[in-house]
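The values are calculated or read from the model by the stated rules, or taken from the named source; none is laboratory data. Bear in mind that the values here come from a model prediction, so they are computed numbers and not experimental data. Because the Cβ atoms are built from the backbone with ideal geometry, glycine has one as well, and the counts that use them run over all protein chains shown.
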Amino acid sequence: MRRTLTGVCLLVVLGAASMGWAQDGPKLKHLWARWPANMGHKPSYDKTIAFMDRIAKAGYTGICIIEGKIRRWHEVTPERIAAWHKARAKAHALGLKLVVGVTATGYANELLSADPNLAAGMPVVDAPFVVKDGKLVSDDKTVLVNGTFEKHAGNKPDGWDVDAPGKVCFIDKKVTYEGKPSLRMQNPAGNPPHSHARAWQILNVKPWQYYRITVALKTEGLTRPGDVRLMGLGLTGEHAGRWLNIPYLYAKRTQGWKRLGYTINTRGYTKIAIYIGSWSGGKGTMWWADVTMEPAGLVNLLRRPGAPFKATSPDGKTVYVEGKDLPEVRDPGLGRSPYKGGYHWHKHPEIVIPAGSRLKEGDKVLLSYSHTMIMCYWDQVPICLAEPKTNELIEHCISNIAKHIKPDGYFMMHDEIRMQGWDKSCRDTGKTCGGILADNMRFCAKTIRKYSPDAIMYVWSDMFDPHHNAKKTGTMALCRGEGPWYGSWEGLSKDVGLMNWNAGKRASLKFFSDGGWKQIISAPSGGVLARKLINAKGLKGVEGAMYVTWGGDYSQIEKFAETARKLMKK
């Protein structure tokens, strides 16, 4: 049905174009294709060269190459640079502009491989620890009860509330996990009006504490797997109802038992809820088992000026000194798990109390520090935009790309920045997250101009769009403030264009058009592009289209170009 409607829409728009609609539509100055590559890997390089031939034949004017390896400039080899030189020569010979992806600040793992302590931080305040067997270990007593669902009354597990027990939620003693029962959620769509299938437990907690929650999940025949969630939710204070992490588990329609989880910070809340289930589910079955919540301790501990560390006695009167009472407290696995730039869950760092320390066996200690978060997509970590060294790292990368690759354009990948604003670096600015992002955007554009004065500059639109992630209220982010990214567009100079992937909303296109910014519309097919181009009618500054696919489907490359040429002014 969706494909049929897309085809009808495309035919209608193409018909309108033949009657002169395109004359009032956007221009076709740029027709680009986004292409991920590993230029140091010959098979990937060969595919890139072949792809250039293909898109040039189809009438494209540029290729936007996204390679994470060049954001690790501290590891770039002469061989990789040589491959880029050949690729640039090939592009120019075909009449293609070479555009390079830079400044990935929301998915910053590549940049952070150079300095993992630059990750955006979340503070912990007075976390309880104790000296046990000569080591400093967590003394947090917070407990999630009956996570194995072994205790229950009928289909309601003790300590949990569930939706529609006996109708949607069931204790299942046949489908077990490690010999223990599961909680089966079956056909959420059969629970109107909202199609809820959830279980939740409310916990009293101390503010600004750090935990890891995990669950085992099995699914069969889910029609809405994207809505399967493991959620921590804050319940008290001014911002009650906010997520403690991005909750989606990215479950498959059918999968065997798989253990999933991530970290949460209680932030300013004294009461939280731990949820599992689906909020607007369809048909199919989920089995949940062995829900756990444990102190995350010092895993992914950050150490930098904007993320200070402090250890005190419970009454706060004694401050313990690193190098005397404690070793230098660091996490060796930070940004190294399981590879450079990776922040996966790993073994707790071992903190051995040194000889001569004032700390003795059984002594209680309160630790205050910052950590980064294990977030959605399992490996997404943003960089702290307010830490001065972040700008140094970005400039190092841009300056070397300008010197060694000499691209025609830069595509700044400031998209989906899910966490910011909490650590000392950010708070000391006195600015909102939007203001911090605006400052970073000014710096990035200025840096590109410094090293490549004539280059084209574009950036993803979402973080600067008041109809997308820069809304005044309510965005999917773990950020300080309400509508944290609002006002971020104030950092955009007029020579920076927006790669608009929210062009399904005319309000988005119109906002940037009215503000005097140029735009390129991104889409994964000619049909989607046609629908978005309707919204661009009569607007100034829309000057092209870029083929973007997240699933590696380049089968629509030629049709996309054909649609763009028919519907956009030359």
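The conditions of being among the aromatic types (Phe, Trp, Tyr) and under 30 Å from LYS431 (Cβ atoms) are met by TRP501. Among the residues making up segment 549-570, a single one is surrounded by 18 or more Cβ atoms within 10 Å (Cβ to Cβ) and within 24 Å of HIS467 (Cα to Cα): THR549.
Among the conditions (1) surrounded by fewer than 16 Cβ atoms within 10 Å (Cβ to Cβ); (2) of a type in the set (Gly, Ala, Ser); (3) farther than 26 Å from MET122 by Cβ; (4) modelled with pLDDT under 95, the only one that GLY221 does not satisfy is (4). Within segment 463-506, the set of residues being in a helix (DSSP H, G or I) and not small (Gly, Ala, Ser) comprises MET463, PHE464, TRP489, GLU490, ARG506. For segment 510-517, state whether one or more residues are assigned to a loop (DSSP other than H, G, I, E, B), touching a His at 6+ places or on another chain (Cβ under 8 Å) and over 30 Å from HIS396 (Cβ atoms). No, segment 510-517 has no match at all. Residues in segment 481-513 that are touching a Gly at 6+ places or on another chain (Cβ under 7 Å) and surrounded by fewer than 19 Cβ atoms within 10 Å (Cβ to Cβ) were compared, and the one that is nearest to PRO247 (Cα to Cα) is GLY481. Against the test of being touching a residue at least 60 places away in the same chain (Cβ under 8 Å), assigned by TED's automatic domain parsing to the domain that holds ASP408 and among the hydroxyl-bearing types (Ser, Thr, Tyr), the options SER425, SER461 yield a single qualifying residue, SER425.
Going by the structure shown, is ASP290 free of Cβ contacts under 8 Å to residues at least 40 places away in the same chain, of a type in the set (Asp, Glu) and farther than 15 Å from MET373 by Cβ? No: the conditions fail for ASP290. What are the residues in segment 354-376 that are outside any strand (DSSP E or B), within 22 Å of the chain's Cα centre (by Cα) and either in the same structural domain as LEU437 (by TED's automatic domain parsing) or modelled with pLDDT of 95 or more (or both), if any? Within segment 354-376, THR372 is the sole residue that qualifies.
Of the listed requirements (1) assigned to a helix (DSSP H, G or I); (2) closer than 13 Å to TRP35 by Cβ, VAL100 misses just one: (1). Going through (1) surrounded by fewer than 19 Cβ atoms within 10 Å (Cβ to Cβ); (2) in contact with a Pro (Cβ under 9 Å, 6 or more places away or on another chain) one by one, HIS92 falls short only on (2). Comparison of LYS174, LYS86, LYS167 shows that the only residue that is in a loop (DSSP other than H, G, I, E, B), modelled with pLDDT of 95 or more and surrounded by fewer than 20 Cβ atoms within 10 Å (Cβ to Cβ) is LYS167.
What are the residues in segment 250-268 that are in a loop (DSSP other than H, G, I, E, B) and either touching a Phe, Trp or Tyr at 6+ places or on another chain (Cβ under 9 Å) or on the phi > 0 side of the Ramachandran plot (or both), if any? TYR250, THR266, ARG267, GLY268 - these are the residues of segment 250-268 that are in a loop (DSSP other than H, G, I, E, B) and either touching a Phe, Trp or Tyr at 6+ places or on another chain (Cβ under 9 Å) or on the phi > 0 side of the Ramachandran plot (or both).
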